[in-house]
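Okay, so here's the structure we're looking at.
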């Protein structure tokens, strides 16, 4: 009897142990996708720092005003951020940078720790890997240092490098409004720090500067400049951990007496008494309004001198943001670096007390919202802002309130706004689709009527070709360069306004903007199958070569007729009809990707990169194109094109982005597409299915609400969706909606190595 009981106990225990093993195994498998990882470990900020990526390299926090990082000698276009992986020289460390732009600016307030001789000028750019290109004398009489990448450490919220020339280890971290430096001097020399306000980047030229010593360990000042941002004003305050034993002020290279200096090329050399191995720490607070506010920003954000604490805080802030999407993938490094890139800008643009400088150059108070700057809207309305509606729920209303504040101050919505300046870079009025997308997704934390007024007034002004739309129904090619691109972008904006007008029961506005939205058809030439420039008299511009591109001298903006034939994301079905139906449309689309001839023209824009045939992934107007097959009932073709792009144009190398990162747009495309979907229409809440490169993704929309995408049998060869399930039930549509994501649930995509022709083919299943 006892034996039988023992056997039963043993048997029962074995079952329990078995269940525990199964449970542990299951938990272990789930652990891959649980929200408890250190996601910053997968981020490599050097991805995109080579080639034409132009990404920021340095220390910052998500959406921070401060981007503190190295600035190199200006080698031209590929140094738009101030850094390119190919260079081996650092001129100093600056507190503002752009990321992924095609224009250069900022790189304000340069600090360089050094020892020995004082040099007050930067060397001109040379290829220092080729010493013959720079004279020894020039290098000896200029400031800056060689460095090697093996002595460089870059991770979210931290940058460290060893300056070979001075034998100094420089480390950087940051809060939202304060840069934090740590300099370790290895030699028993007098420690010195250069502060240079004269140099910016690109066309940036200082117009008025001030450096003022206010205490034994403190400086304040400002730097005003003109460049891409025509009137930038930046105030700063500096606190040093050690007493400044000596200060020499300069206007260019001429010494200035006293403890303060004003001018256009103001510099300071600070001396410190240190011993071997000593460290000097520097806190630099920035403000768009005043030195007093800069001081308060330091007090609020970094009140003490614990450098590593701020590094840890920055890491935690990044980890919190990155954990909003948890993926199981072999490409985690590319995925999380891309996600990281989507959160460098827009940048906070108000002090801790809410003060900021408006577009009218007056001081305003951001009451009830955070004010932002750095809006690259021609790029980012396409994917970055739709992504924000999924993972940055708390920032959407603030961004729109920032738009409306700009509207109130300059009389129209922002186009490309930077540091309270309208640069008017690129075309369209693409704050409009951002507002409309947010509106229909339920974001209403702003004055909706005011927002509509702002959109309507902006879209009916007489600037940049808009005045022609009512007069002759098209923008004449002889009136403005890029007329086709401009008109097609306006049509997208007009469609968006029409939808919001309809929802708000503004019937007249709905009719007016619907009619204007249809004007894209005016540019379609059925004889060639391309969008073409049209003159005032209605005749097409001649000669016509769809491969031709020449910066500002054609009917297209950074592209050619092949690339602009598809810019109707608001009405793909209407575009298909223009081509004569599904088959004609598909044949033409295939020809785009498979085209063998090269582009033509005397000055082909360098922005046209990442070419697959004539498809240019490196430039934003084409980002929706691979997904257009779905509207013609051929989702499998989209799947193949998308997977090819993901694998070919995004890698874990310094040149791993095929074009300008463009302030998060290139990366947002990757984040969305790698999860298996993309917003073709930027403002209708529909995400078209492609081919996920991750095996599993969990989007944490908000506390308690998550959306899961699982690619079953996913691999490099299994790129085609065979069938889909949503919350355990068959799902036949080749798209998902925003509501599906924000309500939470699970989408399963069953993948295979052969096209499933029937998936998404039925007209009733296609996106509208």
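Structure summary
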item	result
Residue satisfying all of: in the range 596-609; farther than 19 Å from residue 658 by Cα and touching a residue at least 24 places away in the same chain (Cβ under 8 Å); surrounded by the most Cβ atoms within 10 Å (Cβ to Cβ) among these	601
Matching residues in the range 389-414 - criterion: being outside any helix (DSSP H, G or I) and buried (at least 24 other Cβ atoms within 10 Å of the Cβ)	413, 414
Residues of the range 637-652 that turn out to be touching a helix residue (DSSP H, G or I) at 6+ places or on another chain (Cβ under 8 Å) and farther than 22 Å from residue 149 by Cβ, as a count	6
Residue in the range 186-198 that is within 17 Å of residue 419 (Cβ to Cβ), buried (at least 17 other Cβ atoms within 10 Å of the Cβ) and under 32 Å from the mean Cα position of the chain (by Cα) present	yes
Some residue of the range 326-335 being out of contact with any helix residue (DSSP H, G or I) (no Cβ under 7 Å at 6 or more places or on another chain), touching a residue at least 24 places away in the same chain (Cβ under 8 Å), closer than 16 Å to residue 437 by Cβ and surrounded by fewer than 19 Cβ atoms within 10 Å (Cβ to Cβ)	no
Those residues of the range 118-131 which are assigned to a loop (DSSP other than H, G, I, E, B) and either touching a strand residue (DSSP E or B) at 6+ places or on another chain (Cβ under 8 Å) or at pLDDT 90 or above (or both), in sequence order	118, 119, 120, 121, 123, 128
Search result, residues across the range 644-672 that are out of contact with any strand residue (DSSP E or B) (no Cβ under 9 Å at 6 or more places or on another chain), more than 18 Å from residue 78 (Cα to Cα) and surrounded by fewer than 24 Cβ atoms within 10 Å (Cβ to Cβ)	646, 647, 652
Residue in the range 70-77 that is surrounded by 24 or more Cβ atoms within 10 Å (Cβ to Cβ), within 30 Å of residue 351 (Cβ to Cβ) and at pLDDT 95 or above present	yes
Matching residues, the range 155-178, being on the phi > 0 side of the Ramachandran plot and out of contact with any strand residue (DSSP E or B) (no Cβ under 6 Å at 6 or more places or on another chain)	167
Of the criteria (1) over 30 Å from residue 593 (Cα atoms); (2) buried (at least 19 other Cβ atoms within 10 Å of the Cβ); (3) at pLDDT 95 or above, which one residue 508 fails	(2)
Only listed residue being closer than 24 Å to residue 375 by Cα and surrounded by fewer than 15 Cβ atoms within 10 Å (Cβ to Cβ), chosen from 467, 447	447
Residue 610, sole failed condition from (1) closer than 15 Å to residue 585 by Cβ; (2) in contact with a strand residue (DSSP E or B) (Cβ under 7 Å, 6 or more places away or on another chain)	(1)
Among the candidates 685, 752, residue that is out of contact with any helix residue (DSSP H, G or I) (no Cβ under 9 Å at 6 or more places or on another chain) and at pLDDT 95 or above	752
Residues within the range 580-595 that are closer than 15 Å to residue 633 by Cα and surrounded by 14 or more Cβ atoms within 10 Å (Cβ to Cβ), tallied	7
Filter result for residue 302 (within 16 Å of residue 179 (Cβ to Cβ) and surrounded by fewer than 21 Cβ atoms within 10 Å (Cβ to Cβ))	no
Which listed residue, of 550, 503, is surrounded by fewer than 18 Cβ atoms within 10 Å (Cβ to Cβ) and either under 28 Å from the mean Cα position of the chain (by Cα) or under 21 Å from residue 415 (Cβ atoms) (or both)	550
Helices (runs of 4 or more DSSP H) contained in the range 573-678 and holding at least 2 residues over 22 Å from residue 521 (Cβ atoms) and under 27 Å from the mean Cα position of the chain (by Cα)	635-649, 665-674
Conditions (1) surrounded by fewer than 19 Cβ atoms within 10 Å (Cβ to Cβ); (2) touching a helix residue (DSSP H, G or I) at 6+ places or on another chain (Cβ under 9 Å); number of the one not met by residue 377	(1)
For residue 655: the one exception among (1) within 27 Å of residue 707 (Cα to Cα); (2) out of contact with any helix residue (DSSP H, G or I) (no Cβ under 7 Å at 6 or more places or on another chain)	(1)
Residue within the range 430-439 that is closer than 22 Å to residue 360 by Cβ, surrounded by fewer than 24 Cβ atoms within 10 Å (Cβ to Cβ) and at pLDDT 95 or above present	no
Any hit, the range 523-538, residues being in a helix (DSSP H, G or I) and modelled with pLDDT of 95 or more	yes
The range 541-562, residues that are under 16 Å from residue 529 (Cα atoms) and either out of contact with any strand residue (DSSP E or B) (no Cβ under 6 Å at 6 or more places or on another chain) or in a loop (DSSP other than H, G, I, E, B) (or both)	541, 542, 543, 544, 545, 546, 547, 555, 556, 560, 562
Residue tally, condition crowded, with 24+ Cβ neighbours inside 10 Å and either touching a strand residue (DSSP E or B) at 6+ places or on another chain (Cβ under 6 Å) or on the phi > 0 side of the Ramachandran plot (or both), over the range 358-372	1
Residue tally, condition in contact with a helix residue (DSSP H, G or I) (Cβ under 7 Å, 6 or more places away or on another chain) and surrounded by 22 or more Cβ atoms within 10 Å (Cβ to Cβ), over the range 338-357	8
Residue match in the range 516-530 (condition: under 18 Å from residue 491 (Cβ atoms), without any contact (Cβ under 8 Å) to a residue 40 or more places away in the chain, surrounded by 19 or more Cβ atoms within 10 Å (Cβ to Cβ) and in contact with a strand residue (DSSP E or B) (Cβ under 8 Å, 6 or more places away or on another chain))	yes
Residue match in the range 246-253 (condition: surrounded by 15 or more Cβ atoms within 10 Å (Cβ to Cβ) and within 30 Å of residue 374 (Cα to Cα))	no
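Condition check ((1) in contact with a helix residue (DSSP H, G or I) (Cβ under 8 Å, 6 or more places away or on another chain); (2) modelled with pLDDT of 95 or more; (3) in a loop (DSSP other than H, G, I, E, B)) across all residues:
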residue	(1), (2), (3)
150	no, yes, no
154	no, yes, no
166	no, no, yes
172	no, yes, no
180	yes, yes, no
188	no, no, yes
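The values are calculated or read from the model by the stated rules, or taken from the named source; none is laboratory data. As the structure is a computational prediction, the values presented were derived from the model and not from experiment. With ideal geometry, Cβ positions are generated from the backbone for all residues, glycine too; neighbour counts draw on all protein chains shown.
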